[in-house]
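The values are calculated or read from the model by the stated rules, or taken from the named source; none is laboratory data. All values derive from a computational prediction rather than experimental measurement. In this analysis, Cβ positions are derived from the backbone assuming ideal geometry, glycine residues included, and neighbour counts consider all displayed protein chains.
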Amino acid sequence: MKAKYFLPTKVIFGEKSFQQLFGELKDANVAKPLVVCGKHFTSSFKFSSLEENLPVFESFTDVESNPSTQTVDRAAQVLNEKGCDAVIGIGGGSVMDAAKVVAAMKNSGKKSEDFYRRISVKEKVPFFALPTTSGSGSEVTKYSVLTLPDGSKKTLRSDKFYAKVAIIDPELTYTVPRETTAASGIDAFCQAVEAYWSRNAMPETDKFAQEAIRLAYHNLFKVVNDPDKAARYNLSLASLRAGQAFSNTGTTACHSTSYAFTKYYGLVHGFAVAITLPWFFEFYSLKSGEKCMEISNILGAKTIRQGREKLTELLRSIGAPTGLEEIGCPRSDFPKLVEMCLVNRPANPRKHTAKDIERMLNELY
Ligand SMILES: [Fe+2]
């Protein structure tokens with residue numbers, strides 16, 4: 001039987017929707033939330049709004065990029081020691097990924113690392129997700145990618161990680177710096193493309209993915225190089241739609257192979273995913289030709305070759321690296337990269353072998 005589309009999160013989108021957080025907290029009878037956010041957010045105008053509108057709250061501001069399981073454990077300790085009854089995550093994908101796991105650790109008595117063996121949630125507090133970047137889509141997914149003590153990145157997935165409410169206010173993205181905008185925006189674009197060619201795609205995800213691909217493709221350059229309100233709005237919507245799509249399909253090899261580039265060369269997530277996108281686009285076109293042709297058409301290309309070129313052009317136009325030499329990867333690293341990139345996800349339209357990855361690395365050099 002085919003899977004049915006499932007997303008239990010209440011989604012609120014629009015400029016100034018941030019203010020709706022307070023009504024949602026009231027409706028959920030939240031008395032003392034834990035705000036998980038980046039340090040810089042505490043000096044923002046929106047943080048003052050939290051202070052004005054929330055009589056009591058605790059905050060945890062120590063979330064790094066590619067958050068570690070230890071960070072999640074420290075935030076969960078605050079949740080439990082201070083008796084908080086909700087988690088509000090305000091930030092980029094890293095904050096979202098950390099905050100959703102924290103919300104599932106109420107009185108758990110365990111470490112987040114234990115979830116990799118078995119996700120047993122004793123008690124859960126509601127999670128309110130407010131993304132400040134247009135990219136990860138994590139506010140509407142059940143996935144959390146955390147970094148383990150050995151430096152490896154691994155995905156946790158559980159229905160327990162869904163946000164109760166996701167509020168996507170494009171105004172929160174206005175002050176995001178250029179490189180973060182580029183990296184998170186291209187992540188959204190890749191997530192949409194990967195959802196579209198996924199073996200798990202279904203009519204609902206196709207609709208969301210198509211809208212996301214179109215919106216991201218036509219607004220990303222503008223938002224990175226000369227942002228205005230309309231383009232920011234469109235990219236926020238693209239990111240949400242990509243999330244609504246890949247929440248149900250998962251991602252494919254661009255994502256699974258990205259972890260190697262982040263681990264060894266410190267490449268930011270969105271760029272690490274995007275660097276292989278043009279290559280996999282052509283590789284998958286042999287198995288998923290119709291979908292790849294449709295993607296080409298959305299980009300205004302008539303052939304797969306042209307589509308691949310358009311994708312590379314898009315990366316260049318926003319300052320994303322397109323070659324392995326550019327990111328400081330020596331050829332001598334290829335064997336360890338091949339080994340790390342071998343994992344095939346069930347959603348992949350076509351399985352890749354060690355030989356395929358070797359060919360990819362050579363072509364991307
Ligand atoms: Fe991603």
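Can you tell me which condition PHE281 does not meet? The list is (1) out of contact with any Lys or Arg (no Cβ under 8 Å at 6 or more places or on another chain); (2) more than 11 Å from the ligand (Cβ to nearest atom), and all the others hold.
Going through the list (1) out of contact with any Lys or Arg (no Cβ under 8 Å at 6 or more places or on another chain); (2) more than 11 Å from the ligand (Cβ to nearest atom), PHE281 breaks only (1).
Quick grid of which residues meet (1) more than 21 Å from THR353 (Cα to Cα); (2) assigned to a helix (DSSP H, G or I):
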| site | (1), (2) |
| --- | --- |
| THR251 | no, no |
| CYS254 | no, yes |
| SER258 | no, yes |
| PHE261 | no, yes |
| GLY270 | yes, yes |
| TYR284 | no, yes |
| LYS287 | no, no |
| LYS291 | yes, yes |
| SER296 | yes, yes |
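Please specify each residue of region 21-46 satisfying the condition of being assigned to a helix (DSSP H, G or I), modelled with pLDDT of 95 or more and surrounded by 15 or more Cβ atoms within 10 Å (Cβ to Cβ).
Filtering region 21-46 for residues assigned to a helix (DSSP H, G or I) gives 21-27, 39-43, 45-46.
Okay, now just the ones that are also modelled with pLDDT of 95 or more, so 21-27.
LEU21, PHE22, GLU24, LEU25, listed by residue number.
Got a sec? Which of VAL95, VAL102, VAL121 is of a type in the set (A, V, I, L, M) and either closer than 19 Å to SER236 by Cβ or within 16 Å of the ligand (Cβ to nearest atom) (or both)? Can you show your working first?
Details: VAL102 fails: either closer than 19 Å to SER236 by Cβ or within 16 Å of the ligand (Cβ to nearest atom) (or both); VAL121 fails: either closer than 19 Å to SER236 by Cβ or within 16 Å of the ligand (Cβ to nearest atom) (or both).
Criteria check complete, one pass: VAL95.
Please work out if GLY300 is without any contact (Cβ under 8 Å) to a residue 12 or more places away in the chain, over 24 Å from the mean Cα position of the chain (by Cα), away from the ligand (no atom under 16 Å from the Cβ) and at positive phi.
yes
Out of curiosity, is GLY319 surrounded by fewer than 13 Cβ atoms within 10 Å (Cβ to Cβ) and not in a helix (DSSP H, G or I)?
Details: surrounded by fewer than 13 Cβ atoms within 10 Å (Cβ to Cβ): no; not in a helix (DSSP H, G or I): yes.
For GLY319, the condition - surrounded by fewer than 13 Cβ atoms within 10 Å (Cβ to Cβ) and not in a helix (DSSP H, G or I) - is not met.
Would you say GLY243 is closer than 26 Å to TYR5 by Cβ, surrounded by fewer than 23 Cβ atoms within 10 Å (Cβ to Cβ), within 12 Å of the ligand (Cβ to nearest atom) and of a type outside the set (D, E, K, R)?
Values: closer than 26 Å to TYR5 by Cβ: yes; surrounded by fewer than 23 Cβ atoms within 10 Å (Cβ to Cβ): no; within 12 Å of the ligand (Cβ to nearest atom): yes; of a type outside the set (D, E, K, R): yes.
No, not satisfied.
Which of the residues belonging to region 264-278 are in contact (Cβ under 8 Å) with a residue 40 or more places away in the chain and more than 15 Å from the ligand (Cβ to nearest atom)?
From region 264-278, those in contact (Cβ under 8 Å) with a residue 40 or more places away in the chain are 264-265, 267-271, 273-278; that's our starting set.
Within region 264-278, TYR264, TYR265, PRO278 meet the criteria.
Hey, any hits in region 144-153 for a residue that's surrounded by 24 or more Cβ atoms within 10 Å (Cβ to Cβ), in the same structural domain as LEU215 (by TED's automatic domain parsing) and among the hydroxyl-bearing types (Ser, Thr, Tyr)?
Step one: list which residues in region 144-153 are surrounded by 24 or more Cβ atoms within 10 Å (Cβ to Cβ), which gives 144, 146.
Going one step further and asking which of them are in the same structural domain as LEU215 (by TED's automatic domain parsing), we end up with none.
The answer is no; no qualifying residue exists.
Going through ASP226, ASP159, ASP169, ASP150 one at a time, which residue ends up being at pLDDT below 95 and more than 14 Å from the ligand (Cβ to nearest atom)? Step through it out loud before you land on a result.
Details: ASP226 fails: at pLDDT below 95; ASP159 fails: at pLDDT below 95; ASP169 fails: at pLDDT below 95.
It is ASP150.
Filter region 210-241 down to residues that are touching a residue at least 40 places away in the same chain (Cβ under 8 Å) and among the small types (Gly, Ala, Ser) and give me whichever is nearest to ILE295 (Cα to Cα). Spell out how you get there, then give the answer.
So in region 210-241, the residues touching a residue at least 40 places away in the same chain (Cβ under 8 Å) come out as 210, 213-214, 217, 220-221, 223-225, 227, 229, 232-233, 235-241.
Pick out the ones that are also among the small types (Gly, Ala, Ser) and you get 236, 238-239.
On the way: SER236: 20, ALA238: 15, SER239: 17 Å.
Filtering region 210-241 for residues that are touching a residue at least 40 places away in the same chain (Cβ under 8 Å) and among the small types (Gly, Ala, Ser), the one nearest to ILE295 (Cα to Cα) comes out as ALA238.
Yes or no: GLY266 assigned by TED's automatic domain parsing to the domain that holds PHE334 and farther than 19 Å from SER68 by Cα?
No.
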